[in-house]
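A short worksheet on the structure shown next.
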Amino acid sequence: MQSKMRILLIISTLVFGIGCGDPSRPKDLPRLYPATIQIVQEGKELAGAVVVLVHEDSEFKWNSAGTTDEKGMVDLHTLGKFRGVPAGAYHVVVSKMISISPKTRQPVEPPKSSDPSSQNLIGMVTSSPGEMPIPFNIVDKLYATQATTPLKLEVSRKKTNQTFDVGKATVP
């Protein structure tokens, strides 16, 4: 009798656990598979690049993306919070925005302090008072849209790992 109760308890726990799941996870979200991409530019890891996967089916509604770390690596997430990517064929869109000074056309470093007076409205530091930095994408515009990017990724049940080179950095 005790073993029957133990089995019943295990089965009910499994059924209850499966039924509850993550309440924030959409019910129709497909199964997600681990996908890691490395982005390099001019042979070096590209940190701070935004990587977006655009499914080849224009009706597909699940967005997957991430931002590269110091080694150019990004562990992709769907809807910004679910680790992994639905299986399928994707176009890989890449960009990395920097701020440049409108006067010198040189990159402007982010503020070193947390002093809000050292930042402008969009969170970038100005090189001189009253000067608004200009956002600039250092990744060639070829990689900026689904229609033009030559980068493609096939996500399957196996863990996906791939490195993409985005060529030379564009200059302001």
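The values are calculated or read from the model by the stated rules, or taken from the named source; none is laboratory data. Please read all numbers here as calculations on a predicted model, not as lab measurements. Reconstructed Cβ throughout: ideal geometry from the backbone, glycine too, with neighbour counts over all protein chains shown.
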Subject >> Residues that are farther than 22 Å from Thr145 by Cβ, surrounded by 13 or more Cβ atoms within 10 Å (Cβ to Cβ) and in contact with a Ser or Thr (Cβ under 9 Å, 6 or more places away or on another chain), drawn from the stretch 55-81 >> reply: Met73, Asp75
Subject >> Residue satisfying all of: in the stretch 19-51; surrounded by fewer than 10 Cβ atoms within 10 Å (Cβ to Cβ) and closer than 21 Å to Val85 by Cα; modelled with the highest pLDDT among these >> reply: Arg31
Original post:
Inside the stretch 87-99, can you point out the residues that are in contact (Cβ under 8 Å) with a residue 40 or more places away in the chain and either of a type in the set (Gly, Ala, Ser) or surrounded by fewer than 20 Cβ atoms within 10 Å (Cβ to Cβ) (or both)?
Top reply: Ala87, Gly88, Ala89, His91, Ser95, Met97, Ile98
Subject >> Breaking point among (1) under 15 Å from the mean Cα position of the chain (by Cα); (2) touching a residue at least 40 places away in the same chain (Cβ under 8 Å); (3) within 20 Å of Lys168 (Cα to Cα), for Glu42 >> reply: (1)
